[in-house]
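All remarks here apply to the structure that follows.
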Amino acid sequence: MRLSELPQQITATVTAVEDIGAADLIARRLRDLGFVAGELVKIVAQGPVQRDPMLVQIGYTRFALRRAEAARVQVTPEST
Amino acid sequence: MSVAALRIALVGNPNCGKTALFNQLTGSRQKVANYAGVTVERKEGRVLAPSGRVLQLLDLPGAYSFDAASPDEAITRDVCHGRYPGEAAPDLIVCVADATNLRLHLRFVLEVQKLGRPMVLALNMMDAAKKRGVHIDVAELQRRLGIPVIETIAVRRDGAAKLVAQLDQQDLPAPPAAIAADTDLHVAVRELLAATVTMPQRTARIDDALDGIFLHPIFGLAILAVLMFLIFQAVFSWATPIMDGIGAGIMALGTLTTQSLPDGALKSLLVDGIFSGLGSVLVFLPQILILFLFILVLEESGYLPRAAFLLDRLMYKAGLTGRAFIPLLSSFACAIPGIMATRSIQDPRDRLTTILVAPLMTCSARLPVYTLLIAAFIPHRTVLGLFNLQGIVLFSLYFAGVTSALIVASVIKRMRRDKSEHALLMELPSYRVPNVRDVLIGLKERAAIFIKRVGGIILTLIVLLWFLSSFPAAPADAVAPAIDYSFAGRIGHFMEPLFAPIGFGWQICVALIPGLAAREVAVSALGTVYAMSGSDDAIASQLGPMIAHQWSLATALSLLAWYVFAPQCLSTLAIIRRETGSWKIVAIATGYLFALAYAGSFITFQIASALT
């Protein structure tokens, strides 16, 4: 599942960050910010218009990502 | 024997409290300049350590990674690597990390460690970490990293004393052991955290609760709207009495100091050139200070990125970013503080677009012109039993400004050659109580930058305008007003054929020239052209009936349309030059505003002439 499809408040584990095209700077930055395999993520809030951007909790940090950015992150939701 | 000053670079992630630590260490002994050729700020300060040694601190821009994604990060990378031209490599790097956010910040610490330079880690915000129940085994962290680790609390007096003591030691700490080039820094950070940090929960409860309110789709937007209204009110109206006071004070000072001088060119230069120029510079200060007081408090408290979060989607559609909202809103009061406020926009492309469209927001200086023309030409009539026709016209003028800004922003987006995606990727930091010292230092910096670097340009241009409007003097037997004989008058007459298709007579053309100093000056300049005298209010009240009699409705509407775009504010052009560092951008801004103004007036005049 992509991070952009993850329902709010569900914890998931990052499996990979995909590059869109060659030298995808945004994907690289996501990895630098800690979006790497094994990290836990959770959507904690969404923007008021078209639920964009989304607020992602990762580690101890919160990042606002536009949906197009979050779509680069592959996640596996925690089985409940 | 004196020891050479120790050059220390302060680096760290954004929001690690690095600047607060820098302020704590250096107090107000700071020098703010720009790195050559870019608009990234270079902040330097000196600390006299107890041993008498001078520590020279450089506060580098915050960076998430040396894999730079912005001009700020590129500078931090190059200075740390010791390859920034004209900047000596630091003797010692102080890496600042937020103790409550180590998962993110330690990765950058390791990246800095890879440089192999002597370094110290400052674990900042230890008070917040303790409050949250975060426990850090500092001794173990120090052993594993192989560098000194110092706890600091940037916002508390003496919170940096241990750091100063460490920096004051005779010998530099040994450079850290090399980290293998193929080390996965994320894995290394996880191991460090597992061995040294225990954290009862991942987030602060207060942050979760506040985000629940401030980011709420309805309450969050409502709070934002109230805040924006407050800022707008403050910049628009609270500043006015102070601005009037400054204007009157400077003029009184000018009259007082020159009263012993005989009437003549020198007195005129002092009163109408230098003192009036000084007034035009200082009059912007209240608005700049009030706006930045709000911005600094909101930024420090962590609210500003939340506002950007709420508005990002709407602004993004127009080719802008959520962060552009406050600069654009304040441009309704005046584009000068608005353009200065674009510094909070990280992406340089988004920032440039915001700077270019900011002058389209109807600033308060256009109101006197609007008021004069609307009162003179638009009948005081009620439309649909409810609305005032004059009010509707005023509203449409504001509306035209906003609409054209949105159109221009999306045109810029289309025209840009670099089509790569603009990242939002914005950290929402923990909420914090703003620190009074940090806010005051920030305000002092803004004021100094404006007066030093923009004031000079504005003052020079106003003296030049005074010269153009005063020379050559009118002959003794002059029948026409004096300005008609001056260079400005001649230029006005020369411009007349160019402006005839949009309905401007030579009087308007002449008045537009002194109007370059500030848009509202056009009103008193029209008074001069029609040979009126008295206070500005008196001129405005006489001028109304006069132009109502002399101008056609089409001309009046055309002038209104001209002022929606009004390219002729020199102070705006000066601040664009200062904030972009490029005359080319100034030329582009002037050119496109002029073209829009001309086109808007042409269409208005031709349609209105055909209908009336």
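Calculate the mean, over all residues of peptide A:24-35, of how many other protein chain Cβ atoms lie within 10 angstrom of the residue's Cβ. Spell out each step's value before the answer.
On the way: counts 2, 6, 7, 0, 3, 6, 2, 3, 13, 7, 6, 1.
Going residue by residue through A:24-35 and averaging, the value is 5.
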Arrange B:S344, B:S470 by Cβ neighbour counts within 10 Å, fewest through most, would you? B:S344, B:S470
For the table B:K413/B:K452; B:K131/B:K444; B:K31/B:K162; B:K130/B:K444; B:K18/B:K584; B:K114/B:K162, the rows whose alpha-carbon distance is greater than 27 Å are B:K413/B:K452; B:K131/B:K444; B:K130/B:K444; B:K18/B:K584
Could you give the distance between the Cα centres of region B:88-158 and region B:18-49, to the whole Å? 20
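How would B:V226, B:V40 line up from fewest to most surrounding beta-carbon atoms within 10 angstrom? Numbers along the way, then the final one.
Numbers: B:V226 10, B:V40 19.
Arranged by neighbour count, lowest to highest, B:V226, B:V40 become B:V226, B:V40.
Between beta-carbons, use under 12 Å as the cut-off and find the net charge around B:G27, counting Lys and Arg +1, Asp and Glu -1. Don't jump to the answer; show the numbers that get you there.
Values: positive: B:R29, B:R46, B:R157, B:R437, B:K444; negative: B:D438.
My count for the surroundings of B:G27 gives +4.
Take every DSSP beta bridge with both residues inside region B:72-231 and express the antiparallel ones as a percent of the total, to the nearest 5. Can you show the working numbers first?
Numbers: 2 of 11 bridges.
Bridges in region B:72-231 that DSSP calls antiparallel: roughly 20 percent.
Sum up the charges of everything whose Cβ sits under 14 Å from the Cβ of B:A68, counting Lys and Arg as +1 and Asp and Glu as -1, but leave B:A68 out.
Working: positive: A:R28, A:R29, B:R77, B:R83; negative: A:D32, B:D67, B:D72, B:E73, B:D78, B:E111, B:D347.
Local charge sum for B:A68: -3.
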If you line up the long axis of helix B:455-470 against the longest principal axis of chain B, both from Cα atoms, how many degrees apart are they, to the nearest 10? 10
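So what's the back-of-envelope 222 nm ellipticity for chain B, counting only DSSP H runs of four-plus at -39500 (n - 2.57) apiece and dividing by all residues, rounded to 500? Don't skip to the end; give the middle numbers.
Numbers: 28 runs with 340 residues, N = 612.
It lands at -17500 deg cm²/dmol.
Restricting to chain B, compute how many DSSP beta bridges are antiparallel as a %, nearest 5. Walk me through the numbers on the way to the answer.
Details: 15 of 34 bridges.
Here the share of antiparallel DSSP bridges comes out near 45 percent.
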Within 10 Å of each residue's Cβ, count the other Cβ atoms and sort B:T555, B:T255 from fewest upward. B:T255, B:T555
If you wrap a convex hull around the C-alpha atoms of chain B and split its volume per residue, what is the figure in Å³? 188
The helix B:185-196 Cα axis meets the longest alpha-carbon principal axis of chain B at an angle in degrees, between 0 and 90 and rounded to 10, of 60
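Which value in Å is the Kirkwood Rh of region B:118-246 over different Cα pairs? Mind showing how you got there, number by number?
Details: mean 1/r = 0.0519 Å⁻¹.
The Cα-based Kirkwood calculation yields 19.3 Å.
Output the Kirkwood hydrodynamic radius of region B:364-405, Cα pairs only, in Å rounded to one decimal. Intermediate results must be reported in sequence, preceding the final value.
Numbers: mean 1/r = 0.0912 Å⁻¹.
11.0 Å is the Kirkwood radius here.
When Cβ neighbours within 10 Å are restricted to other protein chains, what is their mean count per residue of peptide A:47-56?
6
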For region B:445-515, what relative contact order do you get, as a whole percent, if you take Cα pairs closer than 8 Å and at least 6 residues apart? 24
In degrees, nearest ten, helix B:348-357 long axis to first principal axis of chain B (Cα): 20
Taking the protein assembly as shown, the whole-percent share of alpha-carbon pairs separated by over 35 angstrom is 50
Chain B: relative contact order from alpha carbon pairs under 8 Å, six or more residues apart, as a whole percent, is 11
Do me a favour and compute the ellipsoid semi-axes for region B:106-183 from its Cα gyration tensor, root of five times each eigenvalue, largest one first, whole Å. 23, 17, 10
I'd like the distance separating the alpha-carbon centroids of region B:252-293 and region B:483-506, in whole Å. 28
What percent of all Cα-Cα pairs in region B:163-230 falls in each 5 Å bin, counting up from 0? 3, 11, 9, 10, 9, 11, 11, 9, 11, 8, 6, 0
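Values quoted throughout were computed directly from the atomic coordinates according to the rules given, and no laboratory measurement underlies them. This structure is a prediction, so every number in the text was calculated from the model and none was measured. For neighbour counting, all protein chains shown are included, and Cβ atoms are generated from backbone atoms with ideal geometry for every residue, glycine included.
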